[in-house]
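See structure below.
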Amino acid sequence: MKKILLSCLLTVILSVLLAGCAKEDTVGEKLCRIEISDALEHGRVAVLEQQSQSDVSAFFDENNWTEITENSVDLTPKYVISLYQEKTPTVIKSKNDEPYEKIMEYTTYENSETVKVSIGGDVVNNAISDEFLSGYYIGSDKFFSALSDLSDASKG
C-alpha cells in the first residue's frame with residue numbers, strides 16, 4: 001500500500017511541479033535549471049540553465065524508467081542531480097532571493113542503474129519524512145548516456 005501511495009504521490013507532485021517548467025511564449029514562462037554534482041566530492045559537474053519542460057523530459061527520459069523496491073543500502077552515491085524551477089514572482093519578498101527553488105533531487109550510484117528520486121525540500125519545507133517523498137527506479141540508458149556525456153565534457 002505504501003509503495004502505491006508513494007508512487008501516486010510522486011507522480012502527481014512531479015507532474016504539477018514540472019508543468020511550471022513548460023516553455024511557452026508567454027510572460028509567465030517558468031524555466032528550469034539542472035545541477036549535477038559529484039556525490040562524494042560535492043563538486044559541481046555541470047549546470048544546464050534555462051531548460052524548458054521538453055529539455056528536462058529529454059534529459060531525464062523518465063518515461064523509460066522502471067520503479068523498483070528500495071535497495072540503495074549497500075550502494076555508493078555517484079551523482080546528485082538537482083532540478084530547480086523558477087520561482088513565481090510575488091509582491092512579498094523572502095529572505096532567500098534565489099531565482100530558483102529545488103523541486104526534485106535524483107541520486108545515482110556507482111556501478112548501478114538505480115536512481116533515487118526525491119521531492120525537493122523547497123517544495124514541502126522538510127515537513128514530511130524523506131521515506132514518503134522518495135522512490136527508487138532503474139534509469140534508462142538514454143538518461144545515463146546524457147549524464148555520462150555531461151560528466152565527460154566537464155573533465156576535458
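The values are calculated or read from the model by the stated rules, or taken from the named source; none is laboratory data. Because the structure is predicted, anything quoted here is derived from the model rather than measured. We place every Cβ from the backbone using ideal geometry, glycine too, and count neighbours over all the protein chains shown. Note: areas computed on protein heavy atoms with side chains; ligands, DNA, RNA excluded. Shrake-Rupley method; radii C 1.70, N 1.55, O 1.52, S 1.80 Å.
A compact table of results
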| read-out | value |
| --- | --- |
| Full-stretch length increase - Glu67, Asp55 - with 0.36 nm per residue and alpha-carbon distance subtracted | 2.1 nm |
| Rounded if a/c under 1.5, otherwise prolate or oblate - the range 39-88, Cα gyration tensor axes | oblate |
| Full-extension gain in nm, Ala46 to Thr88, via 0.36 nm per residue minus C-alpha separation | 12.6 nm |
| 13 Å cut-off, amide nitrogen to a point 7 angstrom out along Lys78 Cα→Cβ, residues in the range 38-52 | 38-40 |
| Formal net charge of residues neighbouring Ile34 (Cβ-Cβ distance under 9 Å; K, R +1; D, E -1) | -2 |
| Exposure of Tyr109 as accessible area (Å², to 10), given a probe of 1.4 Å and all protein chains | 20 |
